[in-house]
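**Student:** Can you read through this structure? Questions will come right after.
The values are calculated or read from the model by the stated rules, or taken from the named source; none is laboratory data. Because the structure is a prediction, the values reported are computed rather than measured. Glycine gets a Cβ as well: all are built from the backbone with ideal geometry, and neighbour counts include every protein chain shown. The area values use the complete protein model at the heavy-atom level, side chains included, leaving out ligands, DNA and RNA. Shrake-Rupley method; radii C 1.70, N 1.55, O 1.52, S 1.80 Å.
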Amino acid sequence: MFTFVLRRLLIAIPTLLVISFVIFFILDSAPNDPTGNLPLTIPPEVRQKIRDSLGLDQPMYVRYVKWLRQFLIYEPLNLLEENTGIKIGDSEGRLRIVSYATRSPVMELIAERMPQTLWVVGVAYLLGIIISIPIGVISAYRQYSIFDQVGTFVSLIGFSLPTFFTGLLMIIIFGVKLRWFPSVYDTTLVVKDWKTFVLQVKQMIMPVTVLTFFNASRLTRFLRSSMLDNLNMDYVRTARAKGQKEQVVVWGHVLRNSLIPVVTLIALGIPGIFGGAIITEQIFRVNGLGQLLIIAIQGADIPLVQTLTFIFAVLIVFFNIIADVAYGFLDPRIRYS
Amino acid sequence: MSTTTNNQQKEYSYLADVWKQFSKHKGAVVGMLIFFTIILTTMLGPFVWRIDPDAKDLKHRNEGPTITHPFGTDNLGRDMLAANLAGGRISLSVGLIAMVISILIGTVIGLLSGYFSWLDGPLMRLTDLFLALPILPLLLVIIMLYRDTLRGIFGPELGIFILIVSIIGVTSWMNTARIVRGDVLAAKEQEYVTAASALGSGGQRIIWKHILPNVSSPILVSAALGMASAIITESALSFLGLGFPSDIPTWGRLLFDAKDFMSLTPLRVVWPGMAISLIVLSVTYMGDGLRDALDPKIRSSK
């Protein structure tokens with residue numbers, strides 16, 4: 001087990017290096033100029049100076065290695081310093097990855113936006129898991145019953161409807177017509193008492209519902225088919241034959257085994273959720289990571305785009321490993337050698 | 001001579017068999033009807049509904065459904081029915097061509113890595129690498145950075161079309177490749193392949209004549225689902241303002257433009273959204289039906 005995890009981690013390193021290089025290469029080879037958005041009145045010499053000050057006069061591989069060093073060594077050290085106060089090396093002189101647009105360190109921008117995304121996305125993901133388990137179990141146990149048919153149909157709709165449509169529909173119905181919830185997420189709201197807490201919950205309801213609906217549908221479909229596979233297994237007959245209560249058989253034996261592939265799906269879905277959040281955040285104007293990425297892309301803020309995209313890639317690779325390890329951990333039939 | 005007629009007879013009965021099983025799946029049949037209705041409407045609609053989607057009529061802007069404009073008008077007085085029909089043609093062709101690209105890449109990589117074991121390792125690493133890419137952010141970045149160049153080369157409409165279709169195709173082939181590889185690995189061990197190679201067939205002939213036909217059903221199913229996901233991806237890109245520009249109305253772009261007028265003309269959001277959802281739902285149902293119909297185990301059991 002340990003060697004397996006170690007091997008996966010070691011394979012992840014070249015994968016991530018290649019991905020980071022691909023991202024860097026795409027951004028770098030683009031016919032695009034960070035000074036392109038500046039006013040036309042700036043003379044060419046000044047433009048050249050701005051380019052030089054951004055380090056663009058160096059060859060690409062030098063800038064790539066520089067960026068890599070900043071991302072992998074300097075920024076983690078800064079993070080360590082801010083959180084624990086331990087200083088390693090020359091903390092003042094370390095170059096940070098700086099955004100073209102705001103001139104502030106990229107990591108600070110990301111840290112600012114992270115909580116909003118985590119709250120909306122995280123709550124939606126947890127709710128999706130909680131809702132999908134009973135629906136998936138009952139749907140499979142009473143296959144072809146009315147509950148199953150309705151459940152399957154609703155989850156197929158939730159799975160097929162793009163979030164940008166369900167989100168807009170919700171805004172029209174609950175935001176514009178009924179006026180129950182605010183249709184624009186108030187990003188300046190600070191939760192300090194009961195009233196602001198209620199406001200915060202109210203403005204979170206719509207984005208969370210949209211994402212929960214999508215996640216729950218996906219997981220329900222998967223859990224239902226996994227339950228159906230397991231319900232016909234021999235061990236279920238054995239459990240019934242030895243007189244176990246039906247509830248124990250279904251919710252204990254069958255569910256536990258059916259959850260094994262679902263857990264991997266949950267782990268694999270987490271990075272995808274951040275991608276999906278890009279759209280949801282744009283619909284409800286939540287100022288999270290997704291919105292930051294869109295702003296950065298529109299403003300051609302290369303360092304910010306580069307760092308954010310790479311963080312998404314790291315999340316994908318990391319949760320892939322978690323999924324693999326979880327599978328082996330939960331399923332005793334799988335042993336890594 | 002007699003063998004060819006035999007073959008044709010068999011093929012006919014195979015298709016009839018598949019159709020019989022497919023038609024048992026009510027959802028799949030309804031899905032297929034809806035799918036072809038939408039395709040026919042978007043293709044033939046402009047010949048019946050002759051309003052130019054670009055014709056502005058500032059006297060009649062932001063209208064709800066009326067007899068002259070059954071889907072209402074937008075903020076410049078353009079007819080929304082005509083815009084949705086025009087948008088549908090672009091969205092559907094994006095979905096179709098992107099799907100063809102992705103299926104071609106996926107099938108070739110799957111066949112090569114399943115059949116030639118020395119290619120298996122590198123090609124599967126490549127697939128893993130693509131799977132680890134954050135697709136949506138990358139698509140957004142590539143469009144943002146390259147759209148002006150391509151629009152310069154191929155003209156404003158064709159340029160962005162080529163860009164979007166090719167990047168969606170190039171970033172969505174991985175699942176097909178994995179499925180095809182798995183099926184090729186299984187098919188390679190079958191007796192008929194050994195027989196073909198014992199008869200002196202070369203690698204190429206075995207792949208094209210014997211293995212490809214036997215792995216065609218999963219390819220067909222993933223083609224159906226691939227088209228749906230390509231349409232969703234295109235709409236998502238346009239919805240984020242980084243797909244087609246507003247002078248080329250796709251369903252996603254129409255949604256993007258409509259969202260700023262939600263309180264005034266909420267129905268403008270509903271039409272393109274419904275169209276996308278109906279296409280995706282019908283294709284998903286069709287894919288389900290196809291999977292059952294093409295699976296010989298399910299077909300023979302009923």
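**Student:** How would B:Glu191, B:Glu234 rank on accessible area, largest to smallest, probe 1.4 Å?
**Tutor:** Reading off the accessible areas and sorting them downward yields B:Glu191, B:Glu234.
**Student:** Who wins for biggest fluctuation among A:Thr307, A:Thr102, A:Thr212 in a Gaussian network model of chain A, springs between alpha carbons below 10 Å?
**Tutor:** Largest GNM mean-square fluctuation: A:Thr102.
**Student:** Rolling a 1.4 angstrom probe over the protein heavy atoms, how many square angstrom per residue are accessible across the protein assembly as shown?
**Tutor:** Accessible surface, normalised per residue, equals 51 Å².
**Student:** If you don't mind, another one. Indicate the residues belonging to the stretch A:305-325 that lose 50 Å² or more of solvent-accessible heavy-atom surface (probe 1.4 Å) upon moving from the chain alone to the assembly of all protein chains, ignoring ligands and nucleic acids.
**Tutor:** The answer is A:Ile316.
**Student:** Which order, highest average first, do B:199-205, B:117-123, B:23-29, B:276-282 follow once you tally other Cβ atoms within 10 Å for each residue and take the mean per peptide?
**Tutor:** Result, highest mean Cβ count within 10 Å first: B:276-282, B:23-29, B:117-123, B:199-205.
**Student:** In whole Å, what is the distance between the alpha-carbon centres of the stretch A:171-236 and the stretch B:228-253?
**Tutor:** Comparing the Cα centres of the stretch A:171-236 and the stretch B:228-253, I get a distance of 25 Å.
**Student:** Mind checking the mean number of beta-carbon atoms from other chains within 10 Å of the Cβ atoms in B:148-156?
**Tutor:** Going residue by residue through B:148-156 and averaging, the value is 1.
**Student:** Please name the residues of the stretch A:144-190 whose accessible area, counted over protein heavy atoms with a 1.4 angstrom probe, falls by no less than 50 Å² between the chain alone and the full protein assembly.
**Tutor:** Listed by number, the residues meeting the 50 Å² cut-off are A:Leu156, A:Ser160, A:Phe164, A:Phe165, A:Leu168, A:Ile172.
**Student:** Now a separate question. Across the stretch A:21-27, in residue order, what do the Karplus-derived ³J(HN,Hα) couplings come to in whole Hz, using 6.51 cos²θ - 1.76 cosθ + 1.60 with θ = phi - 60° and x for Gly and Pro?
**Tutor:** Computed from phi, the couplings for the stretch A:21-27 are 5, 4, 4, 4, 5, 4, 5 Hz.
**Student:** Okay, moving on. Nearest 100 Å², what total accessible surface is buried between chain A and chain B (probe 1.4 Å)?
**Tutor:** 3500 Å²
**Student:** Go through A:Tyr100, A:Tyr141 and list them by solvent-accessible area, largest first, probe radius 1.4 Å.
**Tutor:** So, going from the largest accessible area down, we get A:Tyr141, A:Tyr100.
**Student:** Counting only protein heavy atoms, what percent of the accessible surface of the protein assembly as shown is carbon or sulfur at a 1.4 Å probe?
**Tutor:** 66 percent
**Student:** Still on this model: Just grab the label-to-label distance for A:Leu17 and A:Thr84, each label 7 Å out from Cα along the Cβ direction, in nm (one decimal).
**Tutor:** 2.6 nm
**Student:** Given a 1.4 Å probe, show me the residues in the stretch B:113-133 buried by at least 50 Å² of accessible surface when comparing the whole protein assembly to the chain alone.
**Tutor:** At a threshold of 50 Å² (probe 1.4 Å), the residues of the stretch B:113-133 that become less exposed are B:Leu129, B:Ala132.
**Student:** Percent relative contact order of the stretch A:111-330, based on C-alpha pairs within less than 8 angstrom and at least six residues apart?
**Tutor:** 29 percent
**Student:** Sticking with this one: Using only protein heavy atoms and a 1.4 Å probe, report how much of A:Glu281 is accessible, in Å² to the nearest 10.
**Tutor:** The value for A:Glu281 is about 10 Å².
**Student:** Ok, one more. Measuring from label point to label point, each 7 Å out along Cα→Cβ, what is the A:Val46 to B:Leu199 span in nm?
**Tutor:** Going from the A:Val46 label point to the B:Leu199 one covers 7.8 nm.
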